Structure formats: C-alpha cells, structure tokens
Amino acid sequence: MNILILGSGGREYSIGLAISKEKENHKLYFNPGNGATSQIAENINIKDYNELAIWAKENAIDLTIVGPEAPLVDGVVDIFKEHGLTVFGPSRAAAQLEGSKVYMKNILKKYNIPTAAFIETTNEKEAHDFIDTMSEPIVVKADGLCAGKGVIIAQSKDEAKQAASDMLSGSSFGEAGTSIVVEEYLDGYELSIFAICDGDNYKVLPAAQDHKRVGDGDTGPNTGGMGAYAPTPLVNDDIYKKVEERVIKPTLEGMKKEGAPFEGVLFIGVMVVNGEPIILEYNVRFGDPECEILMPLLETPVSELFYKGATKQLDKLDIKIKDEYGVAVVMASGNYPYSSSEPAEIIVDEILDEDLKEHTHISYAGVSMQDGKLMATGGRVLLCVGFGKSIRQARDRAYGLCGQVHFAGKKIRTDIAYQALK
Ligand code: AMP
Ligand code: GLY
C-alpha cells in the first residue's frame, strides 16, 4: 500500500517503523515527520488539509493514519473522506470526545459510563458553590485542548476556586477555559487502555501505564509522558471485561446514536478505584509514549489493523499480540518540560551486545537532521524501547540501550515500570 502518516512525534515514528518492518513492502510518507522519519519514509510538508488530500489522491495513497489530536479535532478525516480517501481516525464530530471535556463528560453521563461526579459550567458562582459542597482534593478542568496542561488538582477549596475563576475569565487558557468541568478526585491507579474502533466493532490492545510526572517517584510537573510499559499486570480479565461491557460497548453504541460513530483509536484513561474501572477521560488517538510499545508488540500487521479499522472490517480481523513485555524510556532535553533547550547532536554507540541489538530499538521524536547529523531539538527527543519475557528483562534492556545514546543535557526517569515491579 501507499501509506501517509500525519504527525511528527515518537508516536508517529513508531507506527511508521512497525509498518516499515512488515513483510509486505509499503511506500511510506510522513507529513511533516521528523529528522529520523526521513530514514524510513519520505517526508512531505503540506499544511492545508485540502491541499494535502489532493496530494494524497495524486499520489494514490491507499491509507492515511492520523497521529495527533489537533488535526482530528480540526476535521482532517472529514476532508479526506470528502475526497474519497481511506483514512483511519475519528470525524471532527467524534473527535469532540477529546476536543471538549464537557462533551466527553456529558456522553459518559448520558450513557451511564462510570466517571467521577462532576458539574460543567461557564459560571463562576456555580463553580464556587459546587466546590463548597466537595471534599478535597478537587479537580478543575478546562474544556478545550490545552496540550495536557488544562487539569488542576487543587488541594484546597480556595485553590480550586482560584483555578476555576482563572479559567473562566480566560486568563489561564484563553477560550479553551471559558467552560470548565469541576469533578471529584479519584484515588487509585491509572491505566491507558486503547480500543481500535471502526464505528461498530473494536479490538482492545494490552493495557499500558504511562509515567506523566517528570521526576522519579512521580514527582515534579506533568509532562507528555516520560515512559510506559505494557502489558501491565495491574489489569486482570475482570477489569478488561468491565471496560468492554461498561465503557467501550456503550460508548460505540452511544456515539452511533449521537450521529457521530467512533472510528479510530479510543484512548481510555482509566482510574482503577477499589477494583472498579472509572473513566478519567477519553482521547481520540494513541497515547505517546504508549504507542511506542504497543506498535512493536503487535503481531498483526499494523497497516492491516488500521486499514480494516478505516474500512469497517475489524470483525474480520483476529488480532494477535506477541507474548512479550515492552518498556519505553523517554530521553528528553535538559530543560524539559519547563523551556526549550539548545539543539545537541545525538550520538548512538555501535551496539555490540547481541542481546541488546535483538531486543531494543530507538523511537525518534524531537529530532532534526542538520548537515547529515541527527540533532536533539528539544522536548521529548527519543525513546529507548526494550522487549523481554518479563517486565524486568524488558526494562533492563531499555535502560541498557539508554546507556548507549548520548546528547548534551539528556534527561530520563530511572524508574519506568516501577508499579509493576514493586
Ligand atoms: P487529563 O488531561 O484529563 O488526562 O488529566 C491529566 C491527569 O490528571 C490524568 O492523567 C490524571 O492523572 C489526573 N486526573 C484527571 N482527572 C482526575 C480525577 N478526577 N481524579 C484524579 N486524578 C485526575
Ligand atoms: N501519554 C498520554 C498522552 O498521550 O496523552
């Protein structure tokens, strides 16, 4: 197939890497890609979605895969479909599950899907009155996309009221915060569960755990995610079953009733509280770094999974997952997540250890190619990914690879997968 991937991060790189390793020979393009995707594919750079769809038709693209949320919320899938193209991802309407927390919470409520008790409001007094009835901590969320920063976990009522007022006045997140959700705090452990959906049918991938805080032991500010592992032993069949019956099925049924059938990746942010899965939020795309371990764990060709997802054929697919564990350690720039960092050359030692060579790889994210040199250009730069028959073995291999990769200021967490190894 001729395949186009939209995006430029480690998530998109890992999808491309998995496709480039398939038996079938595909022609792969990235828009815009990064300094390393050009080594496995051809990078193009077209910003306008209509122009991009025309390019895709001219280049006989058989399948387009959309990585990040922004183009989905902007309606890139609708535009591609209008041009008669096959594209894997939700429509603009269905992408509201991520684009608007108010929309998402109302869907959860309407279809009786377990979630934290909440109100949604645009009114400061209403927010403050509700906060007065709650026990601490209290969670305040901006409605719109805020690049992962729109959630405040307030330790006191005063802090919650301040956060609500700052959001509603537009001073903290602009338009994205002028409508808010105030909800109860859920105390449990967090999981990322992904369902590949075609509107009617779905396939669930092994549950993963992300590590959102920048520092070891879950300290410091939130990031996009500093590492992940899967499958996590914190999920048993009972939890998978509850997530399917209470969450995925009613969501797919509900979205059909709403006239916005859900096609694409449903990323279910779950908090397990006393053995019960409660939904924190939906995203409408893969998690990053979760994607970087899930793609290589798939035995089913990734291109086939997404093509069948895009063409309503998931019921005909028997999904196969490797009998292995994966651990991904993010290597970020020195100033991440506070500020940008100076570009720095990335040096990867020649890997002589056969075991490491066979069971690890790098997934590249914030990199560019300058004069033939691969440069770290800030944020999350790359991920060292390891696989093994146990989480410990996969983790040791991932950290083994970390020791072979160098750039000025490189920063990692040293405790990825700790919850599974306690
Ligand atoms: P979100 O942007 O909705 O994913 O929220 C970011 C993070 O905030 C989540 O991954 C959770 O760790 C935390 N969070 C969000 N909502 C709640 C809640 N109701 N209770 C506890 N933690 C929460
Ligand atoms: N890893 C969490 C996210 O992609 O939102």
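At-a-glance table
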| quantity | calculated |
| --- | --- |
| Residue match in segment 380-402 (condition: under 16 Å from E12 (Cβ atoms) and either surrounded by fewer than 20 Cβ atoms within 10 Å (Cβ to Cβ) or charged (D, E, K, R) (or both)) | yes |
| Those residues of segment 214-225 which are in contact (Cβ under 8 Å) with a residue 60 or more places away in the chain and more than 13 Å from ligand 2 (Cβ to nearest atom), in sequence order | V214, G215, D216, G217, P221 |
| Pairs with Cβ under 8 Å, 6+ apart, first in segment 129-156 and near ligand 1 (Cβ under 8 Å from one of its atoms), second basic (K, R) | K141/K101; G150/K101; G150/K141; V151/K141 |
| Any hit, segment 179-191, residues being touching a Leu at 6+ places or on another chain (Cβ under 6 Å) and away from ligand 1 (no atom under 14 Å from the Cβ) | no |
| Segment 358-399, residues that are of a type in the set (D, E, K, R) and under 11 Å from S333 (Cβ atoms) | R380 |
| N112 vs. criteria surrounded by fewer than 18 Cβ atoms within 10 Å (Cβ to Cβ) and within 22 Å of A195 (Cα to Cα) | yes |
| Residue within segment 323-341 that is within 22 Å of G378 (Cα to Cα), within 23 Å of the chain's Cα centre (by Cα) and open to solvent by 70 Å² or more (accessible area, probe 1.4 Å) present | yes |
| Segment 2-25 residues that are more than 22 Å from K57 (Cα to Cα) and free of Cβ contacts under 8 Å to residues at least 40 places away in the same chain, paired with ones that are open to solvent by less than 20 Å² (accessible area, probe 1.4 Å) and within 16 Å of ligand 2 (Cβ to nearest atom) (beta carbon under 9 Å, 6 or more apart) | none |
| Given (1) within 14 Å of ligand 1 (Cβ to nearest atom); (2) under 21 Å from L314 (Cβ atoms); (3) among the hydroxyl-bearing types (S, T, Y), index of the condition T251 fails | (1) |
| Boolean, G220 is out of contact with any Lys or Arg (no Cβ under 6 Å at 6 or more places or on another chain) and among the small types (G, A, S) | no |
| Single match in Y307, Y325 (criterion: among the hydroxyl-bearing types (S, T, Y), over 25 Å from S368 (Cβ atoms) and touching a Leu at 6+ places or on another chain (Cβ under 6 Å)) | Y307 |
| Entirely in segment 231-307, the helices (runs of 4 or more DSSP H) that have 3 or more residues that are at pLDDT 95 or above, within 14 Å of ligand 2 (Cβ to nearest atom) and not aliphatic (A, V, I, L, M) | 290-297 |
| Total residues in segment 197-219, condition within 16 Å of ligand 1 (Cβ to nearest atom), open to solvent by 10 Å² or more (accessible area, probe 1.4 Å) and either in a strand (DSSP E or B) or of a type in the set (A, V, I, L, M, F, W, C) (or both) | 5 |
| Residue in segment 274-297 that is nearest to G386 (Cα to Cα), counting only those that are out of contact with any Phe, Trp or Tyr (no Cβ under 9 Å at 6 or more places or on another chain) and open to solvent by 10 Å² or more (accessible area, probe 1.4 Å) | D288 |
| Subset of segment 367-406 that is among the basic types (K, R) and out of contact with any helix residue (DSSP H, G or I) (no Cβ under 8 Å at 6 or more places or on another chain) - its residue that is farthest from D288 (Cα to Cα) | K373 |
| Residue in segment 298-308 that is among the hydroxyl-bearing types (S, T, Y), surrounded by fewer than 24 Cβ atoms within 10 Å (Cβ to Cβ) and in contact with a Ser or Thr (Cβ under 6 Å, 6 or more places away or on another chain) present | no |
| For K357: the one exception among (1) assigned to a loop (DSSP other than H, G, I, E, B); (2) of a type in the set (D, E, K, R); (3) farther than 30 Å from V76 by Cα | (1) |
| Residue within segment 223-244 that is open to solvent by less than 10 Å² (accessible area, probe 1.4 Å), within 15 Å of ligand 1 (Cβ to nearest atom), more than 30 Å from A164 (Cα to Cα) and among the aliphatic types (A, V, I, L, M) present | yes |
| Any chance D48 is open to solvent by 60 Å² or more (accessible area, probe 1.4 Å), closer than 25 Å to G287 by Cβ and not aromatic (F, W, Y) | no |
| Residues of segment 68-94 classified as β-branched (V, I, T) and open to solvent by 20 Å² or more (accessible area, probe 1.4 Å), total | 3 |
| Test: residue in segment 158-178 that is touching a Leu at 6+ places or on another chain (Cβ under 9 Å), at pLDDT below 95 and in a helix (DSSP H, G or I) | yes |
| Long-range neighbours under 9 Å by Cβ, at least six apart or interchain, first residue without any contact (Cβ under 8 Å) to a residue 12 or more places away in the chain within segment 199-213, second small (G, A, S) and away from ligand 1 (no atom under 14 Å from the Cβ) | none |
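The values are calculated or read from the model by the stated rules, or taken from the named source; none is laboratory data. Because the structure is predicted, anything quoted here is derived from the model rather than measured. Note that each Cβ is placed from the backbone with ideal geometry, even for glycine, and that neighbours are counted across all protein chains shown. Please note that ligands, DNA and RNA were not included when accessible areas were found on the heavy atoms of the full protein model with its side chains. Shrake-Rupley method; radii C 1.70, N 1.55, O 1.52, S 1.80 Å.
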